Structures are given as structure tokens and as C-alpha cells.
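Asks: Can you keep this structure in mind? I'll have questions shortly.
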Amino acid sequence: MLQGGYDALKDELRHLKVEERPEIIAAIEEARGHGDLSENAEYHAAKERQGQIESRIAELDDVLSRAEVIDPARLSGDTVTFGATVTMLDQDNKKKIYQIVGNYEVDVKGGKISFSSPLGAALIGKKKGDDVEVHTPSGEKYYEVRKVEFK
């Protein structure tokens, strides 16, 4: 993953551990004070939220412990690989610019697509001037690679 994605996941993990976890524990304690737990909707909602938080913490711990941070500025070449920023034209001659990133860093509106998305997978290995055909749920899409950069 890229450094920005790694940092964002670390920030989310810190937020969950330092802010969310203590808040939900306090909410559970308060709900317990309302009496019979079998009919206590606040308690059940808080316990469900606690399970979601703990699950996400475990997922983030796992991802971050196995992450390899890639600096695209240290990469070079004319072939699209992970971390590359690709400028291309779509079938309507509209310019599109995307950076190839990991699954946890995707931000399509921000110009970041996953290497495992249909477009990302189709771009891997392409060079300037190559045509790209992408099979999407809405039909075939066609692009021409205009530039490959590592920045």
C-alpha cells in the first residue's frame, strides 16, 4: 500500500482504540443500569456496536501488520504497475487520470483505483499508446493509455 493509505488506516485504528472503544464501554455500562438486559434495546445496540468496533480493530491490526509500504516516487518505467499514475482517454476522448492503489486506499472520486478493480487489473502491464478494454457490469469500456508516471 502507499504511505497515505497506511497512515489513514493507522489513524482510523487509533481513533477506534482511543475514542470509540471507551465511549462504547461507557454506553454499555449506562445501559446496564437501566435494568433488565433482555428487554434493554440500548444495551443490545451498544453491544452490537462494540462487536463492530472490535471486529474492525482486529481487521486493521491484521492489515497493518502485514502491510508493505511502497513509495511510487522510487519507482520508474513505462509500464503500469502498482503505484503508477495513468493518464488515459476514454472512448469519448475524455481525459481520465487514476493512480493504481491497494484495496484499502480506493477513492475513485479522488483518482485512486484498486489494482484488483476491473479497470485497475486491465491497466496493469500496459504502456503508453496501448489500448485497454475493460469488462464492466455496464458493458465494455475502451481507453487509450496516454502517460504512465510514478510520483
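The values are calculated or read from the model by the stated rules, or taken from the named source; none is laboratory data. Quick caveat, the model's predicted, so the values are computed rather than measured. All Cβ positions, even for glycine, are placed from backbone atoms using ideal geometry, and neighbour counts span all protein chains on display.
Asks: For the stretch 91-103, state whether one or more residues are in contact with a Leu (Cβ under 8 Å, 6 or more places away or on another chain) and within 15 Å of residue 133 (Cα to Cα).
Replies: yes
Asks: Right, something else. Go through the stretch 88-101 residue by residue and tally those that are in contact (Cβ under 8 Å) with a residue 60 or more places away in the chain and either in a loop (DSSP other than H, G, I, E, B) or exposed (fewer than 15 other Cβ atoms within 10 Å of the Cβ) (or both).
Replies: The total comes to 0.
Asks: Considering only the stretch 34-87, state which residues are outside any helix (DSSP H, G or I) and without any contact (Cβ under 8 Å) to a residue 12 or more places away in the chain.
Replies: Selection gives 34, 35, 36, 40.
Asks: With respect to residue 29, determine if the residue is under 30 Å from residue 143 (Cβ atoms) and either modelled with pLDDT under 95 or assigned by TED's automatic domain parsing to the domain that holds residue 123 (or both).
Replies: So residue 29 does not fit the description; no.
Asks: Just wondering, is there one or more residues in the stretch 102-110 that are part of a strand (DSSP E or B) and either touching a His at 6+ places or on another chain (Cβ under 7 Å) or without any contact (Cβ under 8 Å) to a residue 24 or more places away in the chain (or both)?
Replies: Yes: one or more hits.
Asks: Being part of a strand (DSSP E or B) and loosely packed, with under 13 Cβ neighbours inside 10 Å is the filter here, so list the residues in the stretch 131-141 that pass it.
Replies: Selection gives 131, 133, 135, 136, 139, 140.
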